[in-house]
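In what follows, a structure is listed as structure tokens, so that the remarks can point back to it.
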Amino acid sequence: MSTRVFEDAKTYTSWDDHFYHPAALRFYDEAIAAMLGMLSLRPGDAVVDAGCGVGVHSVRAVRHGYRVHAVDVSPTALALAQRRASEAAADRVTFVRGDLTALAFRDASVGAMFSWGVIIHIPEIERALDELVRVLKPGGRLALYVTNGACADDALRAVARSLVRRHRPQTRARLGTGAWYAMDDEQIWIWQLDVPALTAYLEERGLRCLDRLAGELTQLHIHLPRAVRPLFHRANNAWFKLRRRLPAWPTAMNLLVFEKRPA
């Protein structure tokens, strides 16, 4: 797995610009709160943020009254995360460098864990998923925020690529389709996942899917001028607000919650 893109501070500046516009913050506040509630945590419980990045969701979890063990492969991201946690006075979070394909946790030692938009950037995705399953306790819960390869965004991108006759080399696998994308001066891997196949893969390994919810309706805003991005963020906010009434299958991102069956 190439991690060079995650060592460049420009990567996180770019993500802040694309995803953390003020109009989007309501979505993240509500989505992280909903996710934590589905992990069946009690006040003061510990939760693992697997792939914490710059720590924004770790800080949210601390604000909800939980202790957080935050893991990320990138020293650059961890340094930024520690700074943000300090600025937010989030002192119940511990940041540790670690690779999701080779976690340092013992077998069946973690009661609650989430990985928000991270496994989609790991080419060896099955190794990462197997590690998450390995460390989860029987009865423990895992939340994954992932791309949805059946979404409307992907259909529109396919049409656009066809019109400009632009072909991108892709890898097709059991869990979806992956490709390398240019990001600043580096390359980043992104899976467009087959959500039913991902669910089946984890169920074969002893997890049962408790819920599948819509995340962001669209991420097309990252290709558009800044002036129109708030409209797309507000659409995402509205769809998530109605997540129990509207379907997950057309949305760009899905939130999945799993529970590990007793041994």
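Condition check for ARG67 on (1) in contact with a strand residue (DSSP E or B) (Cβ under 6 Å, 6 or more places away or on another chain); (2) within 24 Å of ARG212 (Cα to Cα): one failure, at (2).
Test of understanding: among ASN237, ASN254, which residue is open to solvent by less than 40 Å² (accessible area, probe 1.4 Å), in contact (Cβ under 8 Å) with a residue 12 or more places away in the chain and over 15 Å from the mean Cα position of the chain (by Cα)?
None of the others qualify; the one that does is ASN237.
Screening VAL96, VAL118, VAL133, VAL110 for residues that are under 30 Å from ARG205 (Cα atoms), in contact with a helix residue (DSSP H, G or I) (Cβ under 9 Å, 6 or more places away or on another chain) and crowded, with 22+ Cβ neighbours inside 10 Å leaves exactly one candidate, VAL110. Candidates in segment 240-251 are the residues that are in contact (Cβ under 8 Å) with a residue 40 or more places away in the chain and out of contact with any Leu (no Cβ under 7 Å at 6 or more places or on another chain); of these, the one that is least open to solvent (accessible area, probe 1.4 Å) is PHE240. Residues in segment 177-193 that are without any contact (Cβ under 8 Å) to a residue 60 or more places away in the chain and within 21 Å of MET35 (Cα to Cα): 0 in all. Out of all the residues in segment 177-212, which are buried (at least 18 other Cβ atoms within 10 Å of the Cβ) and among the aromatic types (Phe, Trp, Tyr)? TRP189, TRP191, TYR201 - these are the residues of segment 177-212 that are buried (at least 18 other Cβ atoms within 10 Å of the Cβ) and among the aromatic types (Phe, Trp, Tyr).
Per the listing PHE19, PHE6, the residue uniquely open to solvent by less than 30 Å² (accessible area, probe 1.4 Å), more than 22 Å from LYS137 (Cβ to Cβ) and either in contact (Cβ under 8 Å) with a residue 60 or more places away in the chain or out of contact with any Asp or Glu (no Cβ under 7 Å at 6 or more places or on another chain) (or both) is PHE6.
The values are calculated or read from the model by the stated rules, or taken from the named source; none is laboratory data. Since the structure is predicted, the reported quantities are computational estimates derived from the model, not experimental observations. Neighbour counts run over all protein chains shown; Cβ positions are idealised from the backbone, glycine included. Only protein heavy atoms, including side chains, enter the accessible area calculation; ligands, DNA and RNA are left aside. Shrake-Rupley method; radii C 1.70, N 1.55, O 1.52, S 1.80 Å.
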